[in-house]
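Shown next, in structure tokens, is the structure this report addresses.
The values are calculated or read from the model by the stated rules, or taken from the named source; none is laboratory data. Because the structure is a prediction, the values reported are computed rather than measured. Heads up, the Cβs are rebuilt from the backbone with ideal geometry, glycines too, and the neighbour counts pull from every protein chain shown. For the accessible areas, the whole protein counts, side chains as well, though only heavy atoms, and no ligand, DNA or RNA atoms are used. Shrake-Rupley method; radii C 1.70, N 1.55, O 1.52, S 1.80 Å.
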Amino acid sequence: MHDSLCTGPLPRREFLRVGTLALGGLTLADLLAARAMAGVGDPETSVILFWMWGGPSQLETYDMKPDAPSAYRGPFNPIQTKVPGMEIVEHFPRQAKIADRFSIIRTLHHGMSAHNDGSITVLSGKEPAAPDPTSTNKSTHPDFGMIASYMRGSRSDGLPQYIGVHRSPFMTAPNYLGLMHKAFHSGDPTVKGYAPNNMKLAAGIDGQRLNDRRSLVTQFDQFRRDLDLDGSLGGTEDFRRAAFQMLTSSKVADAFDISQEDESLRDRYGRHRWGQNCLLARRLVEAGAAVINIDATAPSNKSEYFSWDDHAGPFHLVHANLERFPQYDQAISTLIEDISERNLDRKILVVACGEFGRTPRLSHRQTFPGKKGGPWLGRDHWPGAFSALISGGGLKMGQVIGSTNSKAEYPLHDPVTPQDLLATIYRHLGIDYSHDLVNFSGRPVPILSSGRPISQLL
């Protein structure tokens, strides 16, 4: 489990420390320079991933098996949706009403049964070289948001191309792309007085003091240029100016300012973390960010269910989902509706999934150390078949892609790999997924070694 939380906006001096030269360190301007070297332009398309880390159960969400034996079928019932033949869990009534605006993939599958390994596979398309049952593996290849940041290059307004709302997955790293392509963490938009980390100047700081700090940075740069023997620092001041523009950009600040939204729309999304996360995500892609990864682990800091990892104790499959489902249903449905109402459903692609599914057979536990109550009901890790929701992107909606066997154990028809899902995402972003990156050894590494866009969606 990764339990570090974003703590809110840092003091001004902490942000300026990023933008001020520290010999041997990466500065904000260095970051912008490196991003500019990777590419240019601000393509119109964006992706929002509602990332349900822990592994939501396919049998309790989008691939219910009400006719399965009692040891397999879940505690909830299915309901019909607006799309004939498409059933989802009874606790998704809002999604049921707009099912023509999304499609369900039921046959995602891979071979990694640990959280980090599964997450790395789904987010990067590269399986870890050696499975790690302790779930401490870190990726050796960047995830798709990092690659989008690299391929798109920096924006002229300084808005990050890859943003984690309110944080990003902890098991992936940019590796050979460079640290500048890590996701920018927005922080939790539901906290009082919210403003994004590292982008807020303290009240009362006047422009002269900022210019004084800029002058100091320039002096450090001059010293650095004096030491430059190969001309590799040419143009540093141009990127320094861009760094200060990002710091003082009203456009970037406005993109994160969720308080500008109509109060009724904020209510419609839900005044909870996932609802406001989705609303902030829509603002950020509307402003031009390429990829937004919505952290959908715990629905709140008070929740005892820190992820979707519903084993039989310390979680309880019923209690945990009865807390999550109404908030998820409200947030994701409103996001899809809002995007459609703004005529952005060709520009924005929404995906909701986790790293794997849950075991078809239910598990039971009478006691659990340190917890009162019980017995507990749950399911364990299962990468053999799991589901995802996909909406927008100009793709074909209102359909179910693939089918699993009678116990949701494995795909029967139209299997889909994480690489296929990523190829669909890259296609939407206008990124050639056969393109080679260069690793630390100077060797070419294709963005995807396998996979192709899901044909039923095209």
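In the range 109-132, the residues that are of a type in the set (Asp, Glu) form Cβ pairs under 7 Å with partners that are buried (at least 24 other Cβ atoms within 10 Å of the Cβ), at six or more places apart or across chains, as follows: Asp132/Asn116; Asp132/Asp117. The set of residues in the range 388-405 that are in contact with a Leu (Cβ under 9 Å, 6 or more places away or on another chain) and either of a type in the set (Phe, Trp, Tyr) or farther than 24 Å from Thr45 by Cβ (or both) comprises Gly402, Ser403, Thr404, Asn405. From the list Ser333, Ser391, the one residue that fits, being within 23 Å of Ser124 (Cα to Cα), polar (S, T, N, Q), in contact (Cβ under 8 Å) with a residue 40 or more places away in the chain and open to solvent by less than 20 Å² (accessible area, probe 1.4 Å), is Ser391. Taking residues in the range 305-330 that are over 18 Å from Cys278 (Cα atoms), and partners anywhere that are of a type in the set (Lys, Arg) and assigned to a loop (DSSP other than H, G, I, E, B), the pairs with Cβ atoms closer than 9 Å and at least 6 places apart or on different chains are Asp310/Arg379; His311/Arg379; Ala312/Arg379; Leu317/Arg379. When restricted to residues that are surrounded by fewer than 20 Cβ atoms within 10 Å (Cβ to Cβ) and in contact (Cβ under 8 Å) with a residue 24 or more places away in the chain, the range 292-304 contains 2.
Quick one: in the range 408-441, which of the residues that are assigned to a loop (DSSP other than H, G, I, E, B), modelled with pLDDT of 95 or more and over 13 Å from Arg106 (Cβ atoms) is least open to solvent (accessible area, probe 1.4 Å)? Residue satisfying both the conditions and the ranking: Ile431. Comparison of His115, His141, His109 shows that the only residue that is open to solvent by 10 Å² or more (accessible area, probe 1.4 Å), under 25 Å from Leu437 (Cα atoms) and modelled with pLDDT of 95 or more is His141. Checked against the criterion of being open to solvent by less than 10 Å² (accessible area, probe 1.4 Å) and either over 16 Å from the mean Cα position of the chain (by Cα) or within 21 Å of Glu355 (Cβ to Cβ) (or both), the candidates Pro160, Pro131, Pro174, Pro189 yield just one match: Pro174.
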